[in-house]
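Asks: Dropping the structure in here first, questions after.
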Amino acid sequence: MASKLRKITCVVAVIALGAGLLVGCGSQSQKVADDGKKKIVIGASFVSKDNQWWAMAGGYAQEAAKKKGVEMIMLYANNDQEKQIKDVEDLIQRKVDIIIMGPVQQKGSMVAVDAAKKAGIPVVTLARKSDSPNVTTGVIFNEPQFGINQVNQLTKDFPNGANVVYLFGPVGAGYAIQQYNDGFMPELAKHSNLKMLQKYDCPVDTSAEGMRNAEDALVKYTNVDVICATNDDLALGAVRAVEAAGKSGKIKVYGSSALPMGMQAIFDGKMHFTNLKSQSVEANVAVDLAMKVLNKEKLEPMIYLQPTVISKENVTTVKDAIFGGTLDDPKAFVPKQ
């Protein structure tokens, strides 16, 4: 009887050991590609899922990673620099191969980038710059050109001059700083008949924040001709404020990013101008750069993309994957009638 019991015990032990080995193999196989090689894992830390631009950028980045057969761990910082630092620390603990980061703040992101560098993990920045010297490479739009394009449109729409309110945000974001400081204001200074009434600093780039500040401007100033914004989210909030004040058609609103809702607002005549900042192109370039870094290819410190001006004249003809189709076969924006 004792002999039989020992045999049963041994069999159970072997089964348990075998199960343990199978579980272990299963967990390891999650990071092994079909060809038997270690699967590449890209960590991604993006600004906010509540922001339409960043949410779409995240989706395109994940799609691009999937096409290349690599895994992507996507984390959103909710516009909180401290959370982004913790998210990057989490990605470091997960031992990702590389991190694609959309910095919440240009200066504040240095801690996260430097921590990744210390852990031996390269960082590719997306859409915004970081002040850290440890960024491996990045892709960004030529941000000053967005501001220059807005002023050029102002001179066409208001040849006799205009009173301008500017919604700036989010505060601390590199792209906002570059659009305003390096593009919009230097170009505005060339035109003495374009007067800046006030610049509103917005801590976050949401339509609610844009509406709140635009409402304040419309109460404070009775002579506003145009409200310009760093992005379409803030601009769409300004559209709502202008409508609520009964000044639609009297005050023009300029955005910058060409979100689908912004495109619709232009088609409807509620918003007058935007710049296309293609999430699909930028996200795909970022993933391409990440793969090239891992392949140890020599790269430029920063890749610059150019914005496309969009107004009523071309709102239904400009093609981009964010409006439909694919990166290889983009479609034009189809407005709701």
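The values are calculated or read from the model by the stated rules, or taken from the named source; none is laboratory data. For clarity, every value in this text was computed on a predicted model and none was experimentally measured. Cβ: placed from backbone, ideal geometry, glycine included. Neighbour counts: every protein chain shown.
Asks: Here are some conditions: (1) in contact (Cβ under 8 Å) with a residue 60 or more places away in the chain; (2) touching a strand residue (DSSP E or B) at 6+ places or on another chain (Cβ under 8 Å). G108 meets all but one. Which one does it not meet?
Replies: It fails just one condition, (2).
Asks: Name the residue, out of V309, V287, that is assigned to a strand (DSSP E or B), in contact (Cβ under 8 Å) with a residue 60 or more places away in the chain and either of a type in the set (V, I, T) or under 24 Å from T230 (Cβ atoms) (or both).
Replies: V309
Asks: Of the conditions (1) of a type in the set (S, T, N, Q); (2) modelled with pLDDT of 95 or more; (3) closer than 24 Å to N295 by Cβ, Q81 fails just one. Which one is it?
Replies: Here Q81 clears every test but (3).
Asks: Further question: State which residue pairs qualify: first residue assigned to a loop (DSSP other than H, G, I, E, B) and inside segment 240-255, second residue at pLDDT 95 or above and hydroxyl-bearing (S, T, Y) in any location, beta carbons under 6 Å apart, and separation of 6 or more residues or different chains.
Replies: Close Cβ pairs satisfying both conditions: G255/T274.
Asks: If you scan segment 290-306, which residues turn out to be surrounded by 16 or more Cβ atoms within 10 Å (Cβ to Cβ) and in a helix (DSSP H, G or I)?
Replies: Within segment 290-306, A290, M291, V293 meet the criteria.
Asks: On the given criteria, is F323 crowded, with 18+ Cβ neighbours inside 10 Å, outside the structural domain of V96 (by TED's automatic domain parsing) and more than 18 Å from Q62 (Cα to Cα)?
Replies: When the stated conditions are applied, F323 does not pass them.
Asks: Taking into account only those residues within segment 256-284 that are of a type in the set (G, A, S) and without any contact (Cβ under 8 Å) to a residue 40 or more places away in the chain, which is nearest to K38 (Cα to Cα)?
Replies: G262
Asks: Among the residues of segment 199-236, which ones are closer than 23 Å to Q145 by Cα and touching a Cys at 6+ places or on another chain (Cβ under 9 Å)?
Replies: G210, A229, T230, L234, A235
Asks: Report whether or not A176 is touching a helix residue (DSSP H, G or I) at 6+ places or on another chain (Cβ under 9 Å), under 20 Å from S257 (Cβ atoms) and modelled with pLDDT under 95.
Replies: Yes; evaluated as a whole, the condition is true for this residue.
Asks: Of all residues being surrounded by fewer than 19 Cβ atoms within 10 Å (Cβ to Cβ) and in contact (Cβ under 8 Å) with a residue 24 or more places away in the chain in segment 149-161, which is nearest to the chain's Cα centre (by Cα)? Just the residue, please.
Replies: Ranking the candidates gives N152 first.
Asks: What is the one condition in (1) over 19 Å from the mean Cα position of the chain (by Cα); (2) closer than 28 Å to M101 by Cα that A290 does not satisfy?
Replies: For A290, the failing item is (1).
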